[in-house]
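First comes the structure, then the notes that go with it.
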Amino acid sequence: MDDIRIEGGRPLGGTVAIQGSKNAALPMMAASLLHRGVSVLKGCPRIADVFCMEEILKKLGACTWWIDHDLYMDCTNADKTEISGTDTGKMRSSVILLGALLGRSHRGCMGYPGGCVIGERPIDLHLTALRRLGAEIEERPFFVAACGELEGAEIIFPKKSVGATEQGILAAVLAAGETSLVNCAREPEVQWLCRYLRGMGAKIAGDGGDCIRITGVESLNAGNMQVPPDRIVAGTYLCACAATRGCITIENPPEGELDAFLEVYRKMGGQYHIKSGKLLADGTGICHPVPFLETEEYPGFPTDLQSPLLAALVTIPGKSHIMEMIFEDRYKAAYEMNRMGAWITVAGKDAWVEGGYPLHGCTVYAQELRGGAALILAALAAEGKTTVKGYSFIRRGYEHICEDLRALGGIIVKD
Ligand code: EPZ
């Protein structure tokens, strides 16, 4: 079965450790293609999207193996350059493999990426970045083919894009000459990719701002890095703490990566403090609605925590208002929460919440990753039993959400 069953109505309490970051691990896996040898990602999350990226690397000729949560990738013979649309269609981040294929083999052919149905999700910024570096790219209905020796260039992104920034970085590190990337996304995952590549010998300058300068090198050494804790998973569990008015401890919080979220958490009446490297959160005082909040590129409030936050806001009496500024269709979970008794009005980018109406358990349907996780949170806050269908969406990004929430006292089982 693809269901999760929850019995809600009780505050969460206890300690939880956070898995490795999905959105940091995936570009680092693509970067591993740039070294003709063995690279390792330590503390890598064992989630569906990582397994999917691993399968693609193997089809390109890599050998991979796991020792617990350490993922080894031997890319010595990973010289194939075609990825089927079936494989690329399974997730969004397959698209950044094009930059890595061009960097390694000067050609690549792949299907269009998939990913959560949260909006259009075009790839124009990715292709523009690669063309600026000299790639010749043909686009067809089902695939993109690119070839050419890459040469450093100035790439000015008209809008901030995490994936397109990562695409440009992956293609530029082995390109001839200097590349400057302007108006880059500043998400931590971009910085972690730069750290990983620097560790491989790439010459990347940039202090986390929106400009990154790269001097191409001849080759890269083995990658070897610890995957950072997943800031979105940590934020999801803090939203669960808020929604159930619980008290939880996060053993390994992502340092300095949740500031915008924690500011909102405090405004809602939540309290938290860091003690010996752990984050202690107290949601018992959560009582203030959020009059207005818009999702923004980092360091603003992350779009990936918009749905989990909604699950907390529906429990707080009063009016809250969210504007989703990054993706066009990211309120699917709101309609399911309304079926549980919530009062959320959605119109375009806006969601208006009349919070405080009691939530009751029922059967709800996950349709994408973060919205699915949000439904679990709403179910934990609801009276009675809820079945969340579509666990396959949720397992793409959460390694053990049921075990984690059970460890925090939640009554939750995977069918
Ligand atoms: C990454 O997606 C993350 N995925 C997303 O997390 C996250 O929500 C998003 O960044 C924003 O932070 C991974 O890292 C695998 P974007 P990405 O390019 O790179 C538009 C999750 O739940 N755009 O920063 O696809 C786009 O439509 C996922 O873990 C273009 O117009 O996001 C969006 O409106 C969901 N043209 C905006 O930019 C392009 O070529 C930001 O998208 C590319 C993007």
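All of the numbers you see were taken from the coordinates with simple rules; none came from a lab. This structure is a prediction, so every number in the text was calculated from the model and none was measured. Ideal geometry is used to build each Cβ from the backbone, glycine not excepted, and the neighbour counts take in all protein chains shown.
Before moving on, here are some points about what is shown:
- GNM flexibility winner over the chain from R330, R370, R140 (Cα, springs under 10 Å): R140
- Candidate lysines - alpha carbon under 24 Å from K80, same-chain residues fewer than 8 apart omitted: K58, K59, K90
- Candidates R46, R396, R266: whichever shows maximal mean-square fluctuation once the chain is modelled as a Gaussian network with Cα springs under 10 Å: R266
- Environment charge of Q19, counting only residues whose C-beta is closer than 9 Å and scoring Lys/Arg +1, Asp/Glu -1: -1
- Sites M1 and R339 - FRET efficiency at Förster radius 25 Å, r taken between beta-carbons, to 0.05: 0.80
- With 0.36 nm allotted per residue and the present C-alpha distance subtracted, the R406-R10 stretch has 141.4 nm of extension available.
- Simple label model, 7 Å out from Cα along Cβ direction - T363 to R140, nm: 4.2
- Highest-fluctuation residue, G270, G246, G318 considered, GNM on the chain with Cα pairs under 10 Å: G318
- Here each label is just a point 7 Å from Cα along the line to Cβ, and for W65 and K319 those points are 6.2 nm apart.
- Estimated distance in nm for a label pair at S392 and S105, the labels positioned 7 Å out from Cα along Cα-to-Cβ: 2.9
- Contour minus Cα-Cα distance for T86 and F292 (0.36 nm per residue): 70.1 nm
- Lysines with Cα under 20 Å of K267, excluding same-chain neighbours fewer than 8 positions away: K319
- Counting only DSSP H runs of at least 4 residues, each contributing -39500 (n - 2.57), and dividing by the residue count of the chain, the helix-based mean residue ellipticity at 222 nm comes to -9000 deg cm²/dmol.
- Taking a ≥ b ≥ c as the square roots of the eigenvalues of the Cα gyration tensor, segment 150-216 is classed as oblate, since a/c reaches at least 1.5 and a/b does not exceed b/c.
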